[in-house]
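A quick write-up on the structure given underneath.
The values are calculated or read from the model by the stated rules, or taken from the named source; none is laboratory data. What you see is a predicted model; the values in this text were computed from it and never measured. Neighbour counts are summed over all protein chains in view; Cβ atoms, including those assigned to glycine, are modelled from backbone coordinates with ideal geometry.
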């Protein structure tokens, strides 16, 4: 595998492009507009520079990685890719519309992967022209830092596709965890309901934002509190995953907390919007409840 196409130049797509370029792969970055692609490339360049400053990589490695990154504002440019990884927003309809648009321009031998954190791989694969060459490759955020990648086969995913995906994880120097194709897979099946329960604890007045986060950091030795983590992930993403769990497993224990729904409706999505369970407008985050 020599060339990787990435669809989505945001936080996840940019992170995947970053680690692929550092690992020696040619990367084509695609998004809905040329401005989005250029913004994504600028962010990657800044993140690589920070890695040089912190001595995680050398300046030579940074230069080599930047040479391997290229903008692909038109979908047709992805036709030379050996694998294309879709890292669009966690919305099934949006993902399916992307597949319908790009499948006709891809090489017949190209593997199509999704970075979905919760949606059925089998169902997404059915919206493509290559379900046997479709697989879930779920990177953790932030991609350059996190070591785990979940590999999820759909019912039609063939062995060659799975082995190619595992090979990519090895090339990137990361660790693979293989999950069955059930809602939210492994990490988010455990993590997001925990976050949702923390929001219920806040909603019911059992504790404050700072109290809940302190309790889990000092009482459970978590590196970050669940509400601060929710803000980092994005409250809209947390809600989307809870809805996938609730719809897919039909169990009331996965009912999204009404307070989570209210925050998302208010546009309080966490760090990316400047406000969630914390307000990020000042020098230090301030709890909003």
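Candidates are the residues of the stretch 93-128 that are part of a loop (DSSP other than H, G, I, E, B) and more than 17 Å from the chain's Cα centre (by Cα); the one that is nearest to residue 139 (Cα to Cα) is 110.
Of all positions in the stretch 118-139, at least one carries a residue that is at pLDDT below 95 and closer than 30 Å to residue 180 by Cα.
So which residues in the stretch 145-157 are in a loop (DSSP other than H, G, I, E, B) and surrounded by fewer than 19 Cβ atoms within 10 Å (Cβ to Cβ)?
We begin by selecting, within the stretch 145-157, every residue in a loop (DSSP other than H, G, I, E, B); these are 145-147, 154-157.
Listed by number, the residues that qualify are 145, 146, 147, 155, 156.
Quick one: which residue in 112, 168 is out of contact with any helix residue (DSSP H, G or I) (no Cβ under 7 Å at 6 or more places or on another chain) and within 24 Å of residue 72 (Cα to Cα)?
168
For the stretch 46-63, a tally of residues being in a helix (DSSP H, G or I) and surrounded by 15 or more Cβ atoms within 10 Å (Cβ to Cβ) returns 6. Look at (1) in contact (Cβ under 8 Å) with a residue 40 or more places away in the chain; (2) buried (at least 21 other Cβ atoms within 10 Å of the Cβ); (3) part of a helix (DSSP H, G or I) and you find that residue 212 fails only one, number (1).
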